[in-house]
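Worksheet: the structure to be examined is printed underneath.
Just so it is clear, none of the values below were taken in a lab; they were calculated from the coordinates. Not measured: the values here are computed from a predicted model. For neighbour counting, all protein chains shown are included, and Cβ atoms are generated from backbone atoms with ideal geometry for every residue, glycine included.
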Amino acid sequence: MAKRSMRGTPKEKDIRAYWSTRLQAYLGQDISPETIMDSRFCFGCKVFLNKGITIQRAHIRAVSTGGSNSVENIHMLCRYCHKASELKFGEEYRGWLKGRDLIDTGLTLCAQAGSLKRDLLEGVGK
Ligand SMILES: [Zn+2]
């Protein structure tokens, strides 16, 4: 029996091919199609991530709230961006994605390592 979560989800290559000519307009940012086709490129951080960081298929609108399983409803996000975007969709998601960068992902990584408060917040204002 097929796994429920991935059944019917398009292949990463097809998702990237669809967005390779559309992500620029969606974000209002200049990103080359070659960059978008690279399997290490996260649409959220907008950088090439190390091979150890998994990039996941992320629904723009969750299937549970009526989102489809087609390429136009799926972005390729690293697991940190994916988690941070979970409750966002529509224009809220788009605005969030526009402003998302590597610093946000770095903060997520620090927070997960338990060092956000100690290393970053306690240093502010001193
Ligand atoms: Zn990311």
Tell me, what is the FRET efficiency for D101 and K13 to the nearest 0.05, using R0 = 35 angstrom and their Cβ-Cβ distance as r? 0.90
Label-point separation (nm) for Y26 and K83, each offset 7 Å from Cα along Cα-to-Cβ? 2.3
Quick one: grab the alpha carbon gyration tensor of the stretch 12-101, order the square roots of its eigenvalues as a ≥ b ≥ c, and give me rounded if a/c is under 1.5, else prolate or oblate depending on whether a/b is larger than b/c. rounded
Placing unit charges on C-beta atoms (Lys and Arg positive, Asp and Glu negative, everything else neutral), compute the dipole magnitude of the stretch 2-74 about its Cα centre in debye, rounded to 20. 400
